[in-house]
1. Return the pair list, or none, for Cβ contacts closer than 7 Å from residues in segment 206-233 that are in contact (Cβ under 8 Å) with a residue 60 or more places away in the chain to residues that are surrounded by fewer than 16 Cβ atoms within 10 Å (Cβ to Cβ) and among the polar types (S, T, N, Q), at least 6 apart or on different chains.
2. Condition first: surrounded by 12 or more Cβ atoms within 10 Å (Cβ to Cβ), part of a helix (DSSP H, G or I) and modelled with pLDDT of 50 or more. Can you find one or more residues in segment 1-24 that meet it?
3. Restricting to segment 97-136, and then to whatever is acidic (Asp, Glu) and outside any loop (DSSP other than H, G, I, E, B), can you tell me which residue is surrounded by the most Cβ atoms within 10 Å (Cβ to Cβ)?
4. Can you tell me how many residues within segment 155-192 are open to solvent by 40 Å² or more (accessible area, probe 1.4 Å) and in a strand (DSSP E or B)?
5. Restricting to segment 34-51, and then to whatever is in a helix (DSSP H, G or I) and open to solvent by less than 80 Å² (accessible area, probe 1.4 Å), can you tell me which residue is farthest from Met98 (Cα to Cα)?
6. Only one of (1) touching a helix residue (DSSP H, G or I) at 6+ places or on another chain (Cβ under 6 Å); (2) over 17 Å from Thr83 (Cβ atoms) is not met by Phe169, so which one is it?
7. What's the total number of residues in segment 96-155 that are more than 20 Å from Pro210 (Cβ to Cβ), among the small types (Gly, Ala, Ser) and without any contact (Cβ under 8 Å) to a residue 40 or more places away in the chain?
8. I want to confirm something. Restricting to segment 144-185 and keeping residues that are among the basic types (Lys, Arg) and modelled with pLDDT of 95 or more, which single residue is nearest to the chain's Cα centre (by Cα)?
Amino acid sequence: MSPQDRPSRATEGFFGRRRGKPVRPQQAAALESGLDAYRLDLTADAPSDLRALFEIDVSAVRLEIGFGGGEHLLHRAIEAPTTGFIGVEPFVNGMAKMMMAVRARPLANLRVHDDDATRLLDWLPPASLDGIDLLYPDPWPKKKHWKRRFVSPVNLERFARVLKPGSKFRFASDIDTYVNWTLLNCRAHGAFAWQATEAADWHRPYEGWPGTRYEAKAIREGRRPAYLTFVRK
């Protein structure tokens, strides 16, 4: 899809508010300079090989949608310096926190997008990603809002288009209805095979999992997280 053909904003409305508490001056400065350095330019054509987006040679490129405060994304980018990571977070406060972190510790294997993830997915070339993480997305618990859940037939089609065969889509949530929703939608789509061999698998965190603040809150409140892995067929 060419840049002029891409919509400026998806119609589905998968995320809510863009701002929380006022950003402090130091955070605002880090946000401005960080986005200048790390933000992807979706007005230009995507490279056929996404490894060209990074300042260093990387062997693979992964995407995390909705990284929140960036705990997981930072951990993964630091532990795997030869993997390129693209992080999406439209919430200004979360992006500001991330940019504060990379100002203290720059990461040559990181790029970010601070708007609608569907725009990025539509910009990416086919079979260009080695993995997608969607961790603790907004569950939109009211039934009338379920259409705003990021896991949907249209977005699974987007995932299927940009993921390489054999790569993984990982989904974590503490909301049972959203876990079931994701299992049913991935099964119905047909391009994704759920990787689980025993009942305990989907409650076992991913290897090297650092945890997140949201996850810790969920556990304190008695909700048990689930960690699903799907392989692109």
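1. Thr229/Gln195; Phe230/Gln195; Val231/Gln195
2. Scanning segment 1-24, I find no residue that is surrounded by 12 or more Cβ atoms within 10 Å (Cβ to Cβ), part of a helix (DSSP H, G or I) and modelled with pLDDT of 50 or more, so the answer is no.
3. That would be Asp133.
4. The number of residues fulfilling the criteria is 4.
5. Leu50
6. (2)
7. Going through segment 96-155 one residue at a time, the tally reaches 1.
8. Arg170
The values are calculated or read from the model by the stated rules, or taken from the named source; none is laboratory data. Note that the structure is a prediction, hence the values are computed from the model and not measured. Cβ atoms come from the backbone with ideal geometry, glycine included; neighbour counts cover every protein chain shown. The accessibility values were calculated without ligands, DNA or RNA, using every heavy atom of the protein model including side chains. Shrake-Rupley method; radii C 1.70, N 1.55, O 1.52, S 1.80 Å.
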